[in-house]
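Visitor: Shown below is the structure under consideration.
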Amino acid sequence: MMRSILRLCKRFAFQLLLIGCIWVPGPPLAFAGVPSVNGLWEKGPNFPFFPVHIHLLPNGKLMIWPGDEGISGNDPRSWDPATGLITQLSKPGYDIFCSGHLFLPDGRLFVAGGHIQNSVGLNDAAIYDPAADRWTRQPDMNLGRWYPTTQLLPNGDVVVISGDVNTSTGANPLPQVWQSATGTWRNLTNAQLKLPLYPYLFLAPNGKVFNAGPSIQTRYLDTAGTGDWTFVTNHVFTSRSRTYGSAVMYQPGKILSLGGGDPPTAVAEVIDLNVTGTPRWRSVAQMTHARRQMNATVLPDGQVLVTGGTKGAGFNNSSPGNPIFAAELWNPSTEKWTLMEEASVPRLYHSAAILMPDGRVMTTGGNGYTQTEFFSPPYLFAGSRPQITRAPSNVGRGQRFFIETPDAGSIDAVSFNRLGSVTHTTDMNQGVFRTTAITRSDSGITITAPNLTTVPNGHYMLFLLSKGVPSIAKIVRLDASATNNPVPVLASITPTSATAGGGGFTLTANGSGFNSASQVRWNGQDRPTTFVSSTQLRASISASDIANAGTAQVTVFNPAPGGGTSAAQTFTIISGDTGASKNLAPLGNIIARVPEPTGGGSKNIEIIRDGVKPAVGSTSSLQQYDTYDGANTATDDWIGYQFSSTQNFSRVVFQEGRHFGDGGWFTRLTVQVLQNGSWVEVSGLSVTPTYPNANNNTSYETYTLQFTPVSGNGIRIYGEPGGNADFISVGEIEVYGDEEPPSSSNPVPSLSTMTPTSATAGGGGFTLTANGSGFNSASQVRWNGQDRSTTFVSSTQLRAAIPASDIAAAGTAQVTVFNPSPGGGTSAAQIFTITSGDSGTPENLAPLGNIIARVATPTGGGSKDIEIIRDGVKPAVGSTNSLQQYDTYDGANTATEDWIGYQFSASQNFSRVVFQEGRHFGDGGWFTNLTVQVLQAGAWVTVSDLSVTPTYPNANNNTTYETYNMQFAPVSGTAIRIFGEPGGSADFISVSEIEVYGE
Amino acid sequence: MASNRLRQGCALCTLLGTALLALHHAPLLAASAEMPVYEVYEYASIEDYGTSVVIRNINSFREVAGGFKRGNPQKHSQAFILTENGFEDIPNDPGTDFSTSYDLNDRNEVVGAANTLTALRPFRYSRQGSPQLLTLLPGDSGGIAYAINDQGEAAGYSSGENGEQAAWWSRGNKVSLLRGLPESNSRALGINDNGDIVGTSTTDFDHAVIWPNKGQVTDLGTLPGFTGSEALSISNNGNIAGSAIGTQAAPNFSRAVLWKWNEQTILDLGALEQGGDSRAIDVNDRGQVVGASTSGHGGRAFIWTANEGMRDLNSLVGLPGVILTEALSINRQGDILAIGHEQDASEHDAGHDHQDHERPRKIYVLRARL
């Protein structure tokens, strides 16, 4: 009753102050009830049982299973925070109640031990794969374990310690290491010790396992060989062991031990395992409440939240007045506690708390309590939350990586919080890392991934923090096997020259081996770089970089691990004295249709000539001026410069600003010059690249508007504004005169790669893909100097049809690209090898056929050009590029089969298919089973003796662009396809590349 | 140090099972030739049920060996001898956080194990003396002594870089290796007064083994359909209690068995009605076997005799409101050491996998009255 009164007082704190409720005794801060100070509790879902074991899966769902009060733990389920749906998961086949568990580096859940009856443990171990919803049994442990603790080791192995065997044996004294490489157990027979149930274990900076309690004595376990314990030190709190207290690693190597014991204590203490010499426990401020059976959770801002527990003596004193409802928050900087809001459900024995990706903490269970709650810490009421637009799903240890965010300027910390795996007050999957070493750019930040022993490989919630306010997390896998950064290759740059004294511009770098950490360098100095794809970067080159004539060396740099610097391309800065113009913009007055805009852009119109050119794709609104003046129906819009005297004009460089939802572009545009008080349209206007005359959803693109030289005392870009609100946007306008007319010459093309590079003599005709730069619609691929039927794909890619006669005999062929006059020329040659048919070299038959697929006109996010499945481009595993793959998404459906392959005009021999999968999306992009079929006499026949290497997961393993070799008994047919059941809620598959061989 | 009194006065809570049956379940249960009636004594209640507990053996004087968290809040387990008069703590190094006794003979000798700061060490204790750490095999760092006979010979294992190796100790603390099966880890778990030792030798799975008179190891085998086995206890006349062990769920998970070493036979003791798994834990010279079995009512303590087969001890005791879940030891008179708990009024009595954790377990001694 008293507690009810207190809660009532808290709800109406202000009124109660007036009427005297302040006289009610109780913890004073509990009455504040201000979310930004004391947080806020809300009810969560009411589960079908009270979960005793909870885990945040890499897919963002919560895995739970029950136990006690007559319920078997052989009933795991998942709860999806996005939908609220609870789904039954496959069962392990035995009672996993009272087990120990953690996540392996690959995201699978390792479970050791289980329940036969109270104090009698199972010796089973199993691994649950969330992607496949499948359990895999592991070899039995030496004896049963009921209440064991598991701890991941730096190499991905798992040590299991303690747990009851049975009443006549007690706890299992033999630590065992599950060896990930072999799936077998190694007994630490030199480390026999009896530890309490569910001991608190942590990975220490020295690579050993630190036992932080609940015993008074704390120790290191060296898990190498047959093991070895070393005594470290006793707790400061020595009056009793901290049974059913808690311990967390709140910073790498730093542990907070708190509460527990009988009667419970409020005493807290810390130890720093990073120190040189013997670490010692040190007292910190006590909690407000003594607690036992409580949970401690490390938050993304580094603070530790304590929830629930009881202050009463005994094992689980739930009698009225003993459960602690108020949470407490520990600040590692001040090492002091702040009392938080009160929960409404007591959380005692068998309760759990877990950090969610949204920054809240979910509390569950306690025997008999199915109602869950969420605690929103004060940081969720302290300001707007930063956002993560995009982040890699895999990062290597110590790897520099890029996180795309519109809030780059305000991000002051990044936090990694390992996914929780909690039971009995113990999170066995702890790991935390926080960095403030941040490199910012317009579109995001670059940080270095952790490479600390205490931060093992596996999945973490990645939070961005702005003044302590966390973003919603992106789940990222820290992966030791993540590929080292490649040495980048810089094949070409555009433009290759500029006029000295000109304005800044965007440089496009083409090549390969680029990633989000790549940096374009100008004479060895980093320039703000935007990652476009693995083959393209864009960099902002400032006006000061081309202030003087000369050359600059442009390179691309990839940081460690791996990485390196590309060979240089030379950029030429042409002297301004050679007839090139100077930017006239600073000499004039800016004029615009709307001098006082009311939109989100800069209100300072001078920004259009400040020399700052944000990178393409930037979402910054304040580096551009837009003519938004409210929703209207303006039919024209313009912006430019007026001069006090007549000037000569021949070129305008126009960097557009942001594209907003309701405008920010022209639907048509031209250039006008002011002559004798009238605006006259220039003649001979060409715009490079072509202006889209529409919203292409790409901000800050730069266009060169060249025209026949003309004089006037004003110049403006003029046209019809786009969007519902009819306005335009401008990042920068430069004006040049006295310039030679632009060359309309074709460039000399550059051919950097081609695919394929070889074929078997006597084989069929095929499509050759030429990659390089300077291509246009007049470009011709030449085979030994002879034109071949060429399809223009882009300025960097052509395709050519090579007939069978071209590869009739073994030898080599010179492949070039030719651009006709004016200008133009022939590229350097690439060598194509025609191998002897007797050599046994396998021939990829893919180019010889026509592509066939269940879905010929997909509507998803992938490439719409099905030719991409044989373009020879194979993105790296883990790539998130959607456009280098074809997926059969055609809307949500329930397709029971899906397929893709090649059909041939004549029968072929097949024995192997190389299948590179594309992206895994949230709703599909994989097979749940697959095989290979061959078309024989009009019927599809499944190949025999199929083996797939590596084993295809038949599920979403959350890894994109993996390649599988599918070998089968040789067979003939007129077509071949990969066939199977599509996965995901939208039932579709994804394909990056399919090669077919008949060796 | 004076021994602790039972939490609930022994005299008050000592119950005559037959009398209670008479109160609630007439007619009285009559003793058969092999099945005695029992007086039930509640020795102690284990209030801190979230900690590890060892209750293992009872000697002829109805004294119990074990250890769990009690008394000193700095330790998570305290070794003791438990009698009807209460706890008698076994003194040990005050710095240790764990100790337990595993067995005691009729000569006031106890064996067990205790933590040092860095290892678990076997010990022997005599009421006439002080605890003595037992010698380990050369190079080893830890181990456990599980059993002691009336000659003062102890059996257990010594562990270190060479693995777990079964060992026995003379009364004079000389340690001797009991060589296990090739390429195995071994543990000696029981010893009779003849010096015959039984235990397990683990290769890919556990093998029940015997070292007759501390001699060469012999694999005792297992039941058809099972892969492994363990031997826990051997009587003076060569009866061995243990289990056949399978790999998966019931009925091939665990099955109580009795090896008759002198006859070279293995006997499947079955399981209680509607149960599949059972474990035989101890056997006496009368051929009475005790253990635990699943049943239609959950986990239950059993006694097995050749004539009566396996019987639910609860049906023989009929102690209202109490469920005996495991029978852990039986002495030469037939007195039984059992674990149980009070049945909650709301507890359903059928089909549950779990007993509520939040219920103190109790240690009972069933005095046999033929």
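The values are calculated or read from the model by the stated rules, or taken from the named source; none is laboratory data. Everything numeric here is computed off the predicted structure, so don't read it as measured data. All Cβ positions, even for glycine, are placed from backbone atoms using ideal geometry, and neighbour counts span all protein chains on display. Only protein heavy atoms, including side chains, enter the accessible area calculation; ligands, DNA and RNA are left aside. Shrake-Rupley method; radii C 1.70, N 1.55, O 1.52, S 1.80 Å.
Visitor: Tell me the residue from A:GLN293, A:GLN371, A:GLN286 that is polar (S, T, N, Q), closer than 26 Å to A:ALA473 by Cβ and touching a residue at least 40 places away in the same chain (Cβ under 8 Å), please. Working first, answer last.
Guide: Numbers: A:GLN293 fails: closer than 26 Å to A:ALA473 by Cβ; A:GLN286 fails: closer than 26 Å to A:ALA473 by Cβ.
Result of the check over A:GLN293, A:GLN371, A:GLN286: A:GLN371.
Visitor: Next question. Can you report the number of residues in segment A:236-257 which are open to solvent by 10 Å² or more (accessible area, probe 1.4 Å) and within 13 Å of another protein chain (Cβ to nearest Cβ)?
Guide: Residues that pass the stated criteria total 5.
Visitor: Quickly run through segment A:223-234 and pick out the residues that are open to solvent by less than 40 Å² (accessible area, probe 1.4 Å) and more than 10 Å from chain B (Cβ to nearest Cβ). I'd like the intermediate steps shown before the answer.
Guide: We begin by selecting, within segment A:223-234, every residue open to solvent by less than 40 Å² (accessible area, probe 1.4 Å); these are A:223, A:226-227, A:229, A:232-233.
Selection gives A:THR223, A:THR233.
Visitor: A follow-up question, please. Of all residues in segment A:258-289, which are within 25 Å of A:PHE325 (Cβ to Cβ) and within 14 Å of another protein chain (Cβ to nearest Cβ)? Steps first, please.
Guide: At the first step, the residues of segment A:258-289 found to be within 25 Å of A:PHE325 (Cβ to Cβ) are A:258-269, A:284-289.
A:GLY260, A:GLY261, A:ASP262, A:PRO263, A:PRO264, A:THR265, A:VAL267, listed by residue number.
Visitor: Give the number of residues within segment A:724-744 that are modelled with pLDDT under 90, in contact with a strand residue (DSSP E or B) (Cβ under 6 Å, 6 or more places away or on another chain) and under 15 Å from A:THR704 (Cβ atoms).
Guide: 4
Visitor: Now for a different question. Do you know which residues across segment A:261-272 are open to solvent by less than 10 Å² (accessible area, probe 1.4 Å) and within 39 Å of the chain's Cα centre (by Cα)?
Guide: Correct list: A:ALA268, A:GLU269, A:VAL270, A:ILE271.
Visitor: Right, here's the next one. Hey, can you tell me all the residues within segment B:181-207 that are assigned to a strand (DSSP E or B) and within 12 Å of another protein chain (Cβ to nearest Cβ)?
Guide: Within segment B:181-207, B:ASN185, B:SER186, B:ARG187, B:LEU189, B:GLY190, B:THR200, B:THR202, B:ASP206 meet the criteria.
Visitor: Follow-up. If you go through segment A:201-215 one residue at a time, how many are within 11 Å of another protein chain (Cβ to nearest Cβ) and open to solvent by 10 Å² or more (accessible area, probe 1.4 Å)?
Guide: Number satisfying all stated conditions: 0.
Visitor: Within segment A:112-121, does at least one residue satisfy the condition of being surrounded by fewer than 22 Cβ atoms within 10 Å (Cβ to Cβ) and more than 14 Å from every other protein chain (Cβ to nearest Cβ)?
Guide: No: zero hits.
Here is a yes/no grid of residues against (1) at pLDDT below 95; (2) touching a His at 6+ places or on another chain (Cβ under 6 Å):
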residue	(1), (2)
B:ASP268	no, no
B:GLY275	yes, no
B:VAL290	no, no
B:PRO320	yes, yes
B:PRO360	yes, no
B:VAL365	no, no
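Visitor: Separate question: Kindly check whether there is at least one residue in segment A:566-582 that is closer than 30 Å to A:ILE445 by Cα, assigned to a loop (DSSP other than H, G, I, E, B) and open to solvent by less than 20 Å² (accessible area, probe 1.4 Å). Give the steps one after another, and end with the answer.
Guide: Taking segment A:566-582 first, the residues closer than 30 Å to A:ILE445 by Cα are A:566-571.
From the residues that got through so far, the ones that are assigned to a loop (DSSP other than H, G, I, E, B) too are A:566-568.
Filter once more, so that each one left must be open to solvent by less than 20 Å² (accessible area, probe 1.4 Å): A:566.
Among the residues of segment A:566-582, at least one is closer than 30 Å to A:ILE445 by Cα, assigned to a loop (DSSP other than H, G, I, E, B) and open to solvent by less than 20 Å² (accessible area, probe 1.4 Å), which makes the answer yes.
Visitor: Just to verify a result, which residue in segment B:141-178, among those that are under 23 Å from B:VAL64 (Cβ atoms), in a strand (DSSP E or B) and among the small types (Gly, Ala, Ser), is nearest to the other protein chains (Cβ to nearest Cβ)?
Guide: Per the stated criteria, the residue is B:GLY143.
Visitor: So, in segment A:422-447, of the ones that are of a type in the set (Gly, Ala, Ser) and part of a strand (DSSP E or B), which residue ends up nearest to A:PRO406 (Cα to Cα)?
Guide: Within segment A:422-447, the first condition is being of a type in the set (Gly, Ala, Ser), and the residues that meet it are A:431, A:437, A:441, A:443-444.
Keeping just the survivors that are part of a strand (DSSP E or B) gives A:441, A:444.
Details: A:SER441: 10, A:GLY444: 6 Å.
By that ranking, first place goes to A:GLY444.
Visitor: Okay, moving on. Please tell me if A:THR708 is out of contact with any Lys or Arg (no Cβ under 9 Å at 6 or more places or on another chain), at pLDDT 90 or above and not in a loop (DSSP other than H, G, I, E, B).
Guide: The answer is no for A:THR708.
Visitor: Would segment A:911-932 turn up any residue that is open to solvent by 50 Å² or more (accessible area, probe 1.4 Å) and closer than 25 Å to A:ALA759 by Cα?
Guide: no
Visitor: How many residues are farther than 23 Å from A:ASP987 by Cα and over 20 Å from the mean Cα position of the chain (by Cα) if we restrict to segment A:871-918?
Guide: Residues flagged as farther than 23 Å from A:ASP987 by Cα and over 20 Å from the mean Cα position of the chain (by Cα) within segment A:871-918 amount to 13.
Visitor: Tally time: how many residues in segment A:494-521 are open to solvent by less than 10 Å² (accessible area, probe 1.4 Å) and part of a strand (DSSP E or B)?
Guide: Residues meeting the conditions: 3.
Visitor: Just checking, how many residues over segment A:180-200 are hydrophobic (A, V, I, L, M, F, W, C), open to solvent by less than 10 Å² (accessible area, probe 1.4 Å) and more than 9 Å from chain B (Cβ to nearest Cβ)?
Guide: Initial filter on segment A:180-200 (hydrophobic (A, V, I, L, M, F, W, C)): A:181, A:185, A:188, A:191, A:193, A:195, A:197.
In the following step, the residues that additionally are open to solvent by less than 10 Å² (accessible area, probe 1.4 Å) were identified as A:188, A:191, A:193, A:195.
So of that shortlist, the ones also more than 9 Å from chain B (Cβ to nearest Cβ) come out as A:188.
Number of matching residues: 1.
Visitor: Also, quick follow-up: Could you please let me know if B:ARG279 is without any contact (Cβ under 8 Å) to a residue 60 or more places away in the chain, touching an Asp or Glu at 6+ places or on another chain (Cβ under 8 Å) and closer than 18 Å to A:LEU143 by Cα? Break it down into steps so the answer makes sense when it comes.
Guide: Details: without any contact (Cβ under 8 Å) to a residue 60 or more places away in the chain: yes; touching an Asp or Glu at 6+ places or on another chain (Cβ under 8 Å): no; closer than 18 Å to A:LEU143 by Cα: yes.
Against the criterion (without any contact (Cβ under 8 Å) to a residue 60 or more places away in the chain, touching an Asp or Glu at 6+ places or on another chain (Cβ under 8 Å) and closer than 18 Å to A:LEU143 by Cα), B:ARG279 does not qualify.
Visitor: Considering only residues that are of a type outside the set (S, T, N, Q), open to solvent by less than 10 Å² (accessible area, probe 1.4 Å) and in a strand (DSSP E or B), which ones fall in segment A:123-164?
Guide: A:ALA125, A:ALA126, A:ILE127, A:TYR128, A:ARG145, A:TRP146, A:LEU152, A:VAL158, A:VAL159, A:VAL160, A:ILE161, A:ASP164
Visitor: Out of the strands (runs of 3 or more DSSP E) lying entirely within segment A:37-80, which hold 3 or more residues that are open to solvent by 20 Å² or more (accessible area, probe 1.4 Å), more than 14 Å from chain B (Cβ to nearest Cβ) and not aliphatic (A, V, I, L, M)?
Guide: Details: elements: A:40-46, A:53-56, A:62-65, A:77-79.
Result: A:40-46.
Visitor: Quick one: which residue in A:VAL306, A:VAL275, A:VAL345 is of a type in the set (Val, Ile, Thr), open to solvent by less than 40 Å² (accessible area, probe 1.4 Å) and assigned to a loop (DSSP other than H, G, I, E, B)? Full working, then the answer.
Guide: Numbers: A:VAL306 fails: assigned to a loop (DSSP other than H, G, I, E, B); A:VAL275 fails: open to solvent by less than 40 Å² (accessible area, probe 1.4 Å).
Of the residues listed, the single one that is of a type in the set (Val, Ile, Thr), open to solvent by less than 40 Å² (accessible area, probe 1.4 Å) and assigned to a loop (DSSP other than H, G, I, E, B) is A:VAL345.
Visitor: Please identify the pairs in which a residue from segment A:883-907 that is more than 17 Å from A:PHE927 (Cα to Cα) has its Cβ atom under 9 Å from the Cβ atom of a residue that is open to solvent by 60 Å² or more (accessible area, probe 1.4 Å) and assigned to a strand (DSSP E or B), counting only partners at least 6 apart or on another chain.
Guide: Pairs that qualify, where the first residue is more than 17 Å from A:PHE927 (Cα to Cα) and the partner is open to solvent by 60 Å² or more (accessible area, probe 1.4 Å) and assigned to a strand (DSSP E or B), are A:TYR902/A:ASN850; A:GLN903/A:ASN850; A:PHE904/A:ASN850; A:SER905/A:ASN850; A:SER907/A:GLN936.
Visitor: Oh, and also: Run A:TYR220 past the list (1) surrounded by fewer than 24 Cβ atoms within 10 Å (Cβ to Cβ); (2) within 11 Å of chain B (Cβ to nearest Cβ); (3) assigned to a loop (DSSP other than H, G, I, E, B); (4) not acidic (Asp, Glu) and report the number of the one that doesn't hold.
Guide: (3)
Visitor: If you don't mind, there's one more thing I want to ask. Please pick out the residue among A:THR619, A:THR635, A:THR667 that is within 39 Å of the chain's Cα centre (by Cα) and outside any strand (DSSP E or B). Step through it out loud before you land on a result.
Guide: On the way: A:THR635 fails: within 39 Å of the chain's Cα centre (by Cα); A:THR667 fails: outside any strand (DSSP E or B).
Only one candidate passes the filter, namely A:THR619.
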